[in-house]
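Report on the following structure.
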Amino acid sequence: MKKWIAIGTVLGLAVIPAVLEELFFRGFVQNAVSKYFPRAAAAGTALFFAALHFDIAALPGLFLMGYLL
């Protein structure tokens, strides 16, 4: 029984939020931005992704990760 609690905790705290974040940024934001600014869609979405994490020190790494993924 404790095994299922651990699996549920990992899914609820790590996997599901990450999947929903990707769906939001790649599925909604990048798609909407690409209609108006196709060349800047990936960079703009990556910058938005990095800024919403509210960590100035990690901003360059988050931007790069968001851009490359």
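Taking the criterion of being of a type in the set (A, V, I, L, M) and touching a Phe, Trp or Tyr at 6+ places or on another chain (Cβ under 8 Å), the residues of segment 14-64 that qualify are Val29, Ala42, Ala43, Ala46, Leu47, Ala50, Leu62. Of all residues in segment 24-66, those being at pLDDT 90 or above and either part of a helix (DSSP H, G or I) or touching a strand residue (DSSP E or B) at 6+ places or on another chain (Cβ under 8 Å) (or both) number 27.
Within segment 51-69, residues that are surrounded by 11 or more Cβ atoms within 10 Å (Cβ to Cβ) reach partners that are not in a helix (DSSP H, G or I) with beta carbons closer than 7 Å, at six or more positions or on different chains, in the pairs Leu62/His53. Within segment 10-50, if we keep just the residues that are of a type in the set (Lys, Arg) and either more than 13 Å from the chain's Cα centre (by Cα) or on the phi > 0 side of the Ramachandran plot (or both), the residue that is least open to solvent (accessible area, probe 1.4 Å) turns out to be Lys35. Of all residues in segment 4-23, none satisfies being in a helix (DSSP H, G or I) and in contact with a Ser or Thr (Cβ under 6 Å, 6 or more places away or on another chain). Among the residues of segment 52-61, those identified as more than 11 Å from the chain's Cα centre (by Cα) and not charged (D, E, K, R) are Phe54, Ile56, Ala57, Ala58, Leu59, Pro60, Gly61.
The values are calculated or read from the model by the stated rules, or taken from the named source; none is laboratory data. Note that the structure is a prediction, hence the values are computed from the model and not measured. So basically every Cβ, Gly included, is an ideal-geometry build from the backbone, and we count neighbours across all protein chains shown. The accessibility values were calculated without ligands, DNA or RNA, using every heavy atom of the protein model including side chains. Shrake-Rupley method; radii C 1.70, N 1.55, O 1.52, S 1.80 Å.
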